[in-house]
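The values are calculated or read from the model by the stated rules, or taken from the named source; none is laboratory data. None of the values given here were measured: they were computed from a predicted structure. Glycine gets a Cβ as well: all are built from the backbone with ideal geometry, and neighbour counts include every protein chain shown. Quick note on the areas: whole protein, heavy atoms, side chains included, nothing else; ligands and nucleic acids left out. Shrake-Rupley method; radii C 1.70, N 1.55, O 1.52, S 1.80 Å.
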Amino acid sequence: AVKKYTEWGITARNEKWGEWKGWERGVSHIDMIYPRIRTLEATQLAWCPSTNGKAVLGELVILPEFADSLAFQKWLPAVKGKFVMISMPQPTGRPDYNWKEFGTTESFDKMKADRTAQTDAWTKRIANTGKTTRTLPAVLEKAGAAGIVTSNWSRGFGVNKIFQARTAKIPTIDVALEDYGMLYRLNESGIKPRISVRTDSKDLGIVPTFNTLAESKGTEKPEEYVMLSCHFDSWDG
């Protein structure tokens, strides 16, 4: 940023603001290895732990519906050695504007009603564990899960939101909508898919963070300020 401002003839400087977790992304490679071989559209989340150059293999299991948190605690040992799917499978990968353009009003309204009901049910499924989407991964990790599998669709064609992993030792990956749906349907049908996950990354420890400040003096009112701000997005995915 300082270099770019300098190229524009604007005086700029960095001021240390604080410290934060440093992390460097490496290779993400995720494959379905059973019931057939298929490379999946997927990536590790930010700050995902490294698998240290090796692939972790395991069966997929869907987070079940629980009557309450006690039922969840009884089930928890079943995750040992497995990848746990904790996101709702989306009923469609088409954004709403595409449904409006090419679908009937009746089909669009039905899809929205079904999706709302499905979303409400999934929200309840998470709540009945006694955890949240933020705290659940760490509990599954402590219980011996091989990894966490998510899919955070951004309501557009082929677009997922990539936020942060909430595990300390096991990989957390995001799988694109279509492939996540395939894995989910296979599991629901009684076929237990297995996946291979490799996530290379480097934990860089605590690193300094900076604000870049640049000033361009006006001619009419040089003593007054107009402030413009932006940020370099830390969600690298």
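So what is the accessible area of the chain per residue, in Å², with the probe set to 1.4 Å? If you can, show how the numbers build up before the last one.
Working: 14790 Å² over 237 residues.
It amounts to 62 Å² per residue over the chain.
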query: Pairing the Cα long axis of helix 105-127 with the longest principal axis of the chain, what angle in degrees results, from 0 to 90 and rounded to the nearest 10?
result: 90 degrees
task: Could you let me know the centre-to-centre spacing of the range 134-179 and the range 1-20, using Cα atoms, in angstrom?
output: 34 Å
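For Arg115 and Asn152, FRET efficiency with R0 = 22 Å and r from the beta-carbon atoms, rounded to 0.05? If you can, show how the numbers build up before the last one.
Details: r = 15 Å, r/R0 = 0.69.
After rounding to 0.05, the efficiency reads 0.90.
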Distance between the range 187-237 and the range 55-82 - C-alpha centres, whole angstrom: 33 Å
field: Value of Rg to Rh for the chain (Rh from inverse mean 1/r over Cα pairs, i.e. Kirkwood)
entry: 1.08
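In the range 1-150, what percent of the accessible surface is made up of carbon and sulfur (1.4 Å probe, ligands and nucleic acids excluded)?
On the way: 4780 of 8880 Å².
Using a 1.4 Å probe with all protein chains present, the range 1-150 comes out at 54 percent carbon and sulfur.
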Calculated FRET efficiency for the pair Thr132/Ala1, C-beta based, R₀ 30 Å, to 0.05: 0.25
query: In vacuo Debye scattering of the range 1-67, one point per C-alpha: log10 I(q)/I(0) at q = 0.21 Å⁻¹?
result: -1.04
query: Setting aside same-chain residues fewer than 8 positions from Lys112, which lysines have a Cα under 19 Å from its Cα?
result: Lys100, Lys124
message: Compute the angle between helix 177-188 and the longest alpha-carbon principal axis of the chain, please, reported from 0 to 90 degrees and rounded to the nearest 10.
response: 20 degrees
task: For the pairs Lys74/Lys131; Lys4/Lys202; Lys82/Lys202, note any where the Cα-Cα span goes beyond 18 Å.
output: Lys4/Lys202; Lys82/Lys202
- line: Any trypsin sites (Lys or Arg not before Pro) in the range 87-144 that lie in a DSSP loop and have at most 10 other Cβ atoms within 10 Å would be Arg134
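Write out the trypsin sites (Lys or Arg not before Pro) in the range 26-82 meeting two conditions: DSSP loop, and at most 15 other Cβ atoms within 10 Å of their Cβ.
On the way: sites: Arg36, Arg38, Lys54, Lys74, Lys80, Lys82; in loops: Arg36, Lys54, Lys80, Lys82.
Taking the range 26-82 and a limit of 15 other Cβ atoms within 10 Å, the loop trypsin sites (Lys or Arg not before Pro) found are Arg36, Lys54, Lys80.
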- prompt: Taking the Cα-to-Cβ direction at Lys21 and at Leu76 and moving 7 Å from each Cα, how far apart do the two end points lie in nm?
  reply: 2.1 nm
- prompt: Excluding the sites themselves, what is the longest stretch of the chain that contains no chymotrypsin sites (Phe, Trp or Tyr not before Pro) in a DSSP loop with at most 12 other C-beta atoms within 10 Å?
  reply: 9-156
